[in-house]
Each structure stands twice: as C-alpha cells, then as structure tokens.
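In what follows, a single structure is set out as structure tokens and then discussed.
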Amino acid sequence: MTFDVKGMTCAACSAHVEKSVKKLDGVNSVAVSLLSNSMEVDFDPSAVTPQQICKAVASGGYSASPRGEAAAATVERPSQDDEVRGMRNRLIASAVLLVILMYVAMGHMLGLPMPAVLHRPMVSGLVQLLLVIPAVIINRRYFLNGFQALFHLAPNMNSLICVGATAGLLYSLAVLLSVAARLDAGQSVGMADYYFDATVMIPTLISVGKYLEARAKGRTSEAISRLVDLAPRRANVVRDGQEIEIDAAELRIGDIVVVREGQTVPTDGVITEGHGSLDQSMLTGESVPVDLTVGDEVVGATINRGGSFRFRATKIGEDTALQKIVKLVEAAANSKAPISRLADRVSGVFVPVVMGIALVTLVIWLILGAGVPTALKHAIAVLVISCPCALGLATPTAIMVGTGKGAELGIMIRTAAALEMAHAIDCVTFDKTGTLTEGQMRMTALQAFDPDALRAAAAVEHLSTHPIAAAIVAAAQARGIALPEAVDYETFPGRGVAADVDGRRICVGKAEWMRALGIDLSPIETWSDEQRGQGATVMFAASGDRLLAGFALADGVRASSAEAIADLNRLGVRTVMLTGDNLRTAQAIGAKLGVTEVRAELLPEDKQSVIADLQEQGRRVMMVGDGINDAPALVKADLGTAIGQGTDVAIESADVVLMRDDPRLAAGVIRLGRAVIRNIKENLFWAFFYNLIGIPIAAGALAHWGVELSPMIAAAAMSMSSVCVVTNALRLRRFRLDLAETSKTPAAPQAEPAAPVVDIPETKTIKEDNPMKKTVKIEGMMCQMCVKHVKNALLPLDPTVEVSLEEKCARIDEGVDDAAIKAAVAEAGYEVV
C-alpha cells in the first residue's frame with residue numbers, strides 16, 4: 001500500500017519514518033521516497049493495519065495517510081505549484097526583512113548613512129529583535145518541525161537549522177540584556193556583537209536553496225506529469241443514437257467513441273468503423289504514425305493524425321495502458337536502488353553526529369580561550385553547513401529523471417534496482433523468434449515425394465497454433481488447396497505433431513523425431529543441408545515409414561536486429577542467441593547478425609539452464625524475449641526484458657518492458673542504466689565530499705591560516721549543495737539513444753536457389769525457392785489505408801504479397817488462383833482490372 005507522508009524535509013526524516021514503520025510486526029518491507037513524499041509498505045494485513053502504520057509514522061513526529069484518503073478529504077491538498085508559490089512568497093518576505101536587518105546591524109560598518117539613533121547599541125538591538133520576530137514567524141516551519149523532531153529523539157535537517165538559529169537568537173538576547181544592565185548601571189557601552197542577523201540569515205538562505213530545490217524537483221517528475229496530461233478531458237460518444245460530448249471520466253466500457261482527425265483517443269478500445277493514422281509516440285517512442293482500421297486496437301492518449309473512426313471502449317480509468325505506464329514509472333521512481341543503501345545508513349545517524357561535532361567544536365574553542373562569540377560562531381556554522389539533504393536526494397532524483405526519460409523513449413523500467421542492474425550487464429541473451437526475427441514464418445522451399453504431401457501436412461498443422469504450422473497452412477491455402485479434416489491430433493513438445501488424414505497417420509516435425517520414428521532422410525539430406533545453410537528451418541512430413549516431403553521455412557530477420565547486435569558489441573557486451581532451431585540453421589542466422597555465441601536445439605526449459613550456465617561464469621545476464629515460454633528465463637536472468645508486443649505472461653515476468661518491437665532498445669536499456677548510475681555516483685561523491693570538507697572548515701580547522709566560515713556563508717553553502725545535486729540529476733533529461741531510422745519492411749530471409757532436384761523414382765519434386773510473381777492491376781486504391789486493406793485481403797493467399805499505390809497493383813505468387821484473388825480484392829471494396 002502507498003501512503004502519503006507529510007513533514008519530511010531531509011534524508012534523516014525519511015530514515016526515521018522507515019525505521020519507525022519497520023519496527024511493526026507484520027511489516028515485510030518499507031520504501032520511503034523523500035522526492036515524492038510517499039511511502040510504499042509491504043505488510044501482512046492480518047498482523048498490522050494501515051491505521052497502526054500511520055500511528056507509527058506519527059510517533060516519529062510526522063503524519064501519514066493511505067494514498068487516496070488525502071485526495072478524498074474535504075480539505076483539498078495543495079498542489080506542488082501552490083507549495084512552490086507559497087515558498088516563494090515566504091522567501092521574498094524573509095529577504096525583505098533580512099535586508100533591513102543587515103542595514104541596521106552592519107550599516108555603520110559599511111559607512112552607510114543611518115539615523116543617529118541606530119548607533120546606540122540598545123536601540124539597534126531592540127530594532128533588530130523587532131525585525132527577527134516576524135522573520136521567525138514566517139519561517140516557523142523550520143523551528144516547529146525541528147524542535148518536534150528533537151522532542152521525538154529523531155533529529156533532522158530542520159533540527160540543525162533551528163538549533164543553530166535559536167543559539168544565535170538566545171546569545172543575542174543575552175547580549176541585549178547585558179547591554180541593558182550595563183546602561184542601567186550607568187556604564188558606557190560600545191557597539192554590541194549581536195547575532196540577530198544570523199538568526200534570520202540562516203533560515204532565509206536555507207529557504208533560497210529549498211525554493212530552487214523544489215522547482216528543480218518538480219522538473220524531475222515532468223515525464224510523469226506529461227504522461228498524465230496526455231489524456232483528453234472530454235470525449236465524443238454515441239448514446240441512444242446521438243453523438244454527445246461528455247467528460248472522459250464518465251466513459252463506460254462498451255461506449256462507442258467517435259474520434260476525428262487531430263483529436264486524441266480518450267481511452268483504450270477496438271475500432272468498429274472507419275480508419276485512422278495514429279501517433280503512438282507516447283506509448284512506443286516511435287514518431288511514425290501507424291495506420292489502423294476495423295478490428296485494430298487503439299490506445300488512449302494517442303493522437304489521430306488522419307482519417308476518422310469509431311471504436312468500442314474496452315478499458316477505462318486505472319485499467320488503460322496510459323495509467324499502467326504512469327503507475328509503472330511512479331513505482332520505479334519511488335523505489336530504492338541498492339546503491340542508495342550507504343547514503344540511507346549515513347543519513348540515519350548523520351544529524352546526531354553533526355550535533356555532537358558542533359558541541360565538541362563549541363567546547364574546544366571555549367577551552368582555547370577564544371570567547372563565547374567565536375566559539376558560538378563555529379558551532380553554529382557546523383550545524384548549518386552539514387547537509388543531509390544532498391545525501392537523501394543523490395539517488396532518487398537521478399532515478400526519477402532516468403525512469404521518466406526511459407518512458408519517453410519506450411523503455412518501461414519497473415524498479416530502481418532494475419535500472420542499477422542494467423549498468424552492470426555484460427551479456428545479453430536473445431530469444432530468436434519474435435525478438436531478433438519478425439516472428440512470421442513463411443515457406444521458402446518444398447521438396448515433395450508425394451503429390452498430396454502439402455495437403456496432408458497442412459491438414460495436420462491447421463490444428464496447431466505454432467508459427468511454422470501457420471506458414472505451412474498459408475502456403476497450402478495460397479495454392480487453393482482445400483484442406484481435409486484431421487482427427488486424433490497429438491502434440492509432441494519440441495519434436496512435432498501428428499494426426500490422421502484420409503485414413504493415414506501423418507507426422508510432421510523435426511529431423512531428430514523422424515529418425516526416432518525410423519524414417520530414412522538420406523534422399524533429402526543434401527537439400528536439407530543447403531536450406532539450413534541459408535538460415536531456413538527444415539521440417540519433414542512422413543506417414544508410416546515413408547518420407548512424404550521436406551519443408552524449408554524461414555522467419556524474416558528484423559531490419560534493426562543486426563544494428564542492435566553491433567551496438568551491444570560496441571558496448572563490450574557479449575550477445576547470445578537462443579533458439580530451438582538446429583545448430584546449422586541457427587549458426588547461419590547468427591553469423592548474419594554478428595552475435596557472439598549461438599545456443600541451438602533448445603527446448604523451452606533449456607533457456608533457463610543456459611542463463612544459469614552464463615551466470616556461473618560470472619556474467620550479469622539480460623534476457624530479451626516475448627513469448628510465454630520465455631517467462632522462466634526472464635525470471636532467471638539478472639535483468640528480464642520483455643518486448644512490449646509480446647505476451648502478458650512475458651511482460652509480467654520482466655523487470656524492463658520495451659514498448660515497441662525494436663531490439664536496439666536492449667542496448668538503450670544498458671546505456672540508460674550506465675548514464676543513471678554514473679549520475680548517482682557523481683551525486684553521492686559530491687554529497688559526501690561536501691560534508692567531509694565543509695564540516696571541518698566550519699569547525700575552524702583552517703582558522704590558523706585565516707580560513708573561516710561565518711554561519712551565513714555556511715547556510716548558503718548548505719542550500720547550494722542540494723541544488724547542485726538536483727541540477728546534476730536534471731542533466732539526464734538530455735539523454736538520447738540516437739537510433740537511426742530503419743525500414744519498417746520486414747527483412748526477407750536471404751535464400752539462395754534451391755539445390756538441384758534429386759532424381760528419385762516415384763517421387764514428385766516441387767521447387768519453391770523464389771516463386772514467380774504475377775502482377776494484378778487494381779482499381780480504386782487512393783491512399784496508404786487502401787494499400788493496407790488490399791494487402792490484408794491478399795495475405796491469406798500469399799504471405800509474401802506486395803502492394804504498390806504508385807503502380808496501382810499487387811504482386812502475388814503466380815500459383816494463387818485468379819478467382820480467389822478477384823474475390824478477396826472485391827470483398828475489400830476494390831476491383832481487379
């Protein structure tokens with residue numbers, strides 16, 4: 001459960017909140033985010049209640065409420081903009097009072113014209129006190145929060161500020177009383193050494209830093225804000241036969257929504273009428289609009305760049321893709337990376353240690369006989385220069401900017417730990433099918449020893465959902481072959497399938513299975529080797545002990561796969577391709593892509609073993625996959641990465657989700673991880689270095705050489721240290737992947753002409769490599785949507801069909817029946833001429 005926490009101002013605060021909640025029985029884990037003022041708690045509701053968790057937070061001097069309750073409360077929570085505006089107003093008021101106070105306190109030292117009355121020490125002290133009172137009231141949050149934290153024995157940054165400022169105030173009051181007593185006794189008094197200016201200067205300078213920090217922190221979460229703002233506020237729906245405009249929040253599942261050109265899709269759904277060209281860059285990071293038509297899914301917050309359509313709403317509210325992305329980015333931004341543990345441990349004891357150092361500093365200077373003013377100056381400087389904020393902000397600011405930037409680029413990172421792991425990855429394993437390849441198999445060659453081989457094999461494969469099965473079925477349908485009924489269907493995982501067709505038991509599968517069934521493959525061995533050498537997968541059909549045919553099938557390599565592998569190689573990352581294909585076919589594809597290593601002939605459960613083997617070699621492994629059978633491997637890997645268009649099971653098992661089918665984003669994950677961790681290390685170095693150097697100087701370690709820090713300079717330094725950390729994190733917003741545009745056309749398998757036909761008695765050989773095409777002239781195509789409609793109509797007849805708008809034609813396998821082509825084109829609304 002997520003809780004909103006109020007009152008936290010520094011890393012010490014978040015550490016105390018975390019410690020208070022962790023003490024409760026039934027709490028498994030706590031992650032407190034100073035950046036978003038929230039807390040994620042994993043707990044057993046039978047052992048502890050949300051109310052008890054809130055009570056534990058309150059015991060430390062803070063307040064908490066389950067997220068959602070605050071929003072539902074009658075008093076509206078101020079927005080971040082309102083808080084920044086209030087902070088700015090308080091800062092301006094404090095600054096005005098400080099300028100007047102500095103004039104009164106130091107005008108005579110600078111030779112500024114001043115009323116004679118202000119040269120009197122008693123009058124000057126009283127005027128300064130009158131200016132201090134409203135300044136303390138304006139900045140009362142520091143004092144109230146700081147003393148409250150001290151009361152609960154949980155000192156924080158505000159405690160350092162309020163103790164330092166109060167010490168200066170009390171000392172100044174003591175000096176003022178001493179001046180009054182001496183004047184009352186008739187003694188002469190010179191200009192008194194007041195510290196009223198420090199009492200106002202410290203919280204004012206801290207406020208400057210806090211204001212700049214708040215503005216910068218607001219920019220770290222801009223990515224989330226932009227995502228939320230993408231959703232339109234209004235929607236056009238059809239109800240009772242009439243189109244009306246309603247609030248998008250009032251949409252219901254099943255509503256028919258109307259979207260015209262230039263409008264934003266208000267929720268997720270399926271197109272029921274019309275077509276559109278949608279800009280899905282918010283979801284995938286891809287700027288090229290995607291043409292969608294009836295039956296296609298649309299995603300809320302995408303923009304319709306052309307056409308108009310109606311769709312049926314299938315998801316609303318929290319269930320939409322946009323809201324899931326927002327939740328994913330928020331969860332990642334609020335999670336903690338392992339690298340932040342050192343900073344968390346230091347933050348927990350930082351403030352008490354600093355207060356101890358300040359006390360020791362005060363005592364040492366008094367022992368050295370420097371006097372109370374000097375000793376107090378150094379002690380206050382130690383209190384106000386130390387900055388637990390810089391430590392607390394070093395990691396979460398970089399994580400929030402990094403995950404937001406990832407979301408913009410189409411890389412969804414679930415946790416900060418995943419982002420940290422990404423930078424350490426030195427080996428990437430790819431599932432071949434659907435990741436490095438298009439995942440759409442087609443038959444490139446057929447060697448048959450039976451005239452009914454393709455018909456029988458397609459009848460069996462028609463009952464399977466495997467991509468290879470679909471390719472064989474599509475090849476048969478493209479030739480107008482009517483498929484007979486197959487019965488008694490069986491699946492043999494990793495081997496093949498079998499069924500009865502026309503009274504014969506037909507087996508279709510791999511060579512190893514055929515040999516196990518006693519089938520002699522020697523007549524087709526040379527042809528098979530040739531096809532595998534070209535990167536094709538070869539399957540066989542048999543009946544009884546007789547070989548019926550061999551099928552060469554290939555999956556087009558993605559246009560961007562070779563570039564993705566080359567990019568990873570440049571990063572010094574080992575690349576491994578995992579596939580169930582035979583070794584020769586896999587090596588041919590691997591060589592074409594340039595992968596470091598190929599693991600072939602794997603069953604689904606073998607992928608886990610390969611990853612475990614690589615991990616035993618000391619490698620940090622990232623697995624990139626898209627299918628249900630990849631889920632165990634995604635979990636086993638140090639970093640599981642799912643292709644966004646993959647199955648839900650794969651996506652749920654992954655640490656990172658790539659929102660578009662582009663393997664180049666795998667290298668992007670590693671680059672982003674390295675950039676973020678480098679930024680975090682820079683922040684942590686600055687935070688530790690600043691405190692390690694600043695505190696000794698403030699304590700007076702270099703006073704012998706004339707180097708001293710006044711409390712005012714110390715307060716300014718403290719403010720700027722936090723600003724530096726946040727500003728450094730904001731540099732990540734300039735992170736770019738610089739992916740070159742690649743053709744959106746799937747890369748066709750590279751196939752050489754088939755081996756010469758083997759002369760075997762009583763066999764029929766069909767040569768299918770590079771089949772001849774015939775040109776079909778089509779009338780009525782006017783735009784790319786028309787091209788898509790025609791292509792979708794012809795794909796079942798020939799998976800390799802090409803449609804050209806410029807030439808008003810389609811090029812299709814010459815074996816496809818003309819009547820079937822005319823019927824398909826006519827059904828799509830066009831005419832074959």
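At a glance:
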quantity: Residue match in the stretch 197-206 (condition: open to solvent by 50 Å² or more (accessible area, probe 1.4 Å) and touching a residue at least 40 places away in the same chain (Cβ under 8 Å)); calculated: no
quantity: Selection within the stretch 13-61 - within 18 Å of LEU393 (Cβ to Cβ) and assigned to a loop (DSSP other than H, G, I, E, B); calculated: LEU34, LEU35, SER36, ASN37
quantity: Test: ASP4 is open to solvent by 20 Å² or more (accessible area, probe 1.4 Å), touching a strand residue (DSSP E or B) at 6+ places or on another chain (Cβ under 9 Å) and in contact (Cβ under 8 Å) with a residue 12 or more places away in the chain; calculated: no
quantity: Top-ranked residue of the stretch 598-624 - restricted to ones that are assigned to a helix (DSSP H, G or I) and either open to solvent by 60 Å² or more (accessible area, probe 1.4 Å) or hydroxyl-bearing (Ser, Thr, Tyr) (or both), ranked as farthest from THR435 (Cα to Cα); calculated: GLU616
quantity: Test: VAL179 is open to solvent by less than 20 Å² (accessible area, probe 1.4 Å) and at pLDDT 80 or above; calculated: yes
quantity: Meets criteria (on the phi < 0 side of the Ramachandran plot and either surrounded by 15 or more Cβ atoms within 10 Å (Cβ to Cβ) or modelled with pLDDT of 90 or more (or both)) for ALA562; calculated: yes
quantity: Residues satisfying the stated conditions in the stretch 128-151, i.e. open to solvent by 90 Å² or more (accessible area, probe 1.4 Å) and either closer than 15 Å to LEU91 by Cβ or in contact with a strand residue (DSSP E or B) (Cβ under 9 Å, 6 or more places away or on another chain) (or both); calculated: ILE137, ARG140, ARG141
quantity: Unmet criterion (only one of (1) closer than 18 Å to ASP581 by Cα; (2) open to solvent by 20 Å² or more (accessible area, probe 1.4 Å); (3) among the hydroxyl-bearing types (Ser, Thr, Tyr)) for THR429; calculated: (2)
quantity: Residue pairs meeting the criteria (Cβ under 8 Å; at least 6 apart or on separate chains; first at positive phi, in the stretch 780-803; second of a type outside the set (Gly, Ala, Ser) and open to solvent by less than 60 Å² (accessible area, probe 1.4 Å)); calculated: GLY780/CYS786; GLY780/TYR830
quantity: The stretch 520-533, subset touching a residue at least 12 places away in the same chain (Cβ under 8 Å) and either in contact with a Gly (Cβ under 9 Å, 6 or more places away or on another chain) or among the polar types (S, T, N, Q) (or both), residue surrounded by the most Cβ atoms within 10 Å (Cβ to Cβ); calculated: GLN531
quantity: Residue list for the stretch 476-495, filter: at pLDDT below 90 and either under 41 Å from the mean Cα position of the chain (by Cα) or open to solvent by less than 20 Å² (accessible area, probe 1.4 Å) (or both); calculated: ALA478, THR491, PHE492, PRO493, GLY494, ARG495
quantity: Residue satisfying all of: in the stretch 286-300; modelled with pLDDT under 85 and in contact with a strand residue (DSSP E or B) (Cβ under 8 Å, 6 or more places away or on another chain); most open to solvent (accessible area, probe 1.4 Å) among these; calculated: SER287
quantity: Residue pairs meeting the criteria (Cβ under 6 Å; at least 6 apart or on separate chains; first in contact (Cβ under 8 Å) with a residue 12 or more places away in the chain, in the stretch 415-439; second open to solvent by less than 10 Å² (accessible area, probe 1.4 Å) and among the aromatic types (Phe, Trp, Tyr)); calculated: LEU436/PHE430
quantity: Residues located in the stretch 40-64, provided they are closer than 25 Å to GLN148 by Cα, of a type outside the set (Val, Ile, Thr) and modelled with pLDDT of 90 or more; calculated: PRO50, GLN51, GLN52, CYS54, LYS55, ALA56, ALA64
quantity: Residues satisfying the stated conditions in the stretch 356-381, i.e. open to solvent by 50 Å² or more (accessible area, probe 1.4 Å) and at pLDDT 85 or above; calculated: ILE357, LEU359, VAL360, VAL363, ILE364, LEU366, ILE367, LEU368, GLY369
quantity: Sole residue being surrounded by 24 or more Cβ atoms within 10 Å (Cβ to Cβ), within 40 Å of the chain's Cα centre (by Cα) and closer than 23 Å to VAL610 by Cα, chosen from THR437, THR444, THR403; calculated: THR437
quantity: LEU322 being at pLDDT below 70, among the aliphatic types (A, V, I, L, M) and within 30 Å of VAL237 (Cα to Cα); calculated: no
quantity: In the stretch 256-278, residue modelled with the lowest pLDDT [restricted to those that are of a type outside the set (Val, Ile, Thr), surrounded by 21 or more Cβ atoms within 10 Å (Cβ to Cβ) and under 19 Å from MET659 (Cα atoms)]; calculated: LEU278
quantity: Single match in LEU391, LEU419 (criterion: under 37 Å from the mean Cα position of the chain (by Cα), modelled with pLDDT of 80 or more and crowded, with 21+ Cβ neighbours inside 10 Å); calculated: LEU419
quantity: Residue under evaluation ALA714, criteria (1) assigned to a helix (DSSP H, G or I); (2) modelled with pLDDT of 80 or more, criterion not met; calculated: (2)
quantity: Check on ASP555, acidic (Asp, Glu) and within 31 Å of the chain's Cα centre (by Cα); calculated: yes
quantity: Residue, nearest to GLU461 (Cα to Cα), within the stretch 496-518, restricted to residues that are open to solvent by 40 Å² or more (accessible area, probe 1.4 Å) and either assigned to a strand (DSSP E or B) or modelled with pLDDT of 95 or more (or both); calculated: ASP500
quantity: Filter result for the condition that a residue is without any contact (Cβ under 8 Å) to a residue 24 or more places away in the chain and either open to solvent by 20 Å² or more (accessible area, probe 1.4 Å) or of a type outside the set (Ser, Thr, Tyr) (or both), over VAL96, VAL104; calculated: VAL96
quantity: From SER33, SER29, SER20, residue being open to solvent by less than 10 Å² (accessible area, probe 1.4 Å) and of a type outside the set (A, V, I, L, M, F, W, C); calculated: SER33
quantity: Flag for GLU806 being without any contact (Cβ under 8 Å) to a residue 12 or more places away in the chain and not aromatic (Phe, Trp, Tyr); calculated: yes
quantity: Single unsatisfied condition, LEU153 versus (1) more than 39 Å from the chain's Cα centre (by Cα); (2) farther than 17 Å from HIS378 by Cα; calculated: (1)
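For (1) loosely packed, with under 15 Cβ neighbours inside 10 Å; (2) within 38 Å of the chain's Cα centre (by Cα); (3) charged (D, E, K, R), each residue gets a yes or a no:
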position	(1), (2), (3)
LYS774	yes, no, yes
LYS777	yes, no, yes
CYS783	yes, yes, no
LEU797	no, no, no
THR800	no, yes, no
LYS808	no, no, yes
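For every residue, the table says whether it meets (1) of a type in the set (S, T, N, Q); (2) part of a helix (DSSP H, G or I).
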{"site": "LEU548", "(1), (2)": "no, no"}
{"site": "ALA552", "(1), (2)": "no, no"}
{"site": "ASP567", "(1), (2)": "no, yes"}
{"site": "GLY572", "(1), (2)": "no, no"}
{"site": "THR575", "(1), (2)": "yes, no"}
{"site": "GLY580", "(1), (2)": "no, no"}
{"site": "GLY590", "(1), (2)": "no, yes"}
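The values are calculated or read from the model by the stated rules, or taken from the named source; none is laboratory data. The shown structure was predicted, so the numbers you read here are calculated from the model rather than taken from an experiment. Positions of Cβ are generated from backbone atoms using ideal geometry, with glycine treated the same way; all protein chains shown enter the neighbour counts. Surface areas here come from the heavy atoms of the whole protein model, side chains and all, with no ligands, DNA or RNA. Shrake-Rupley method; radii C 1.70, N 1.55, O 1.52, S 1.80 Å.
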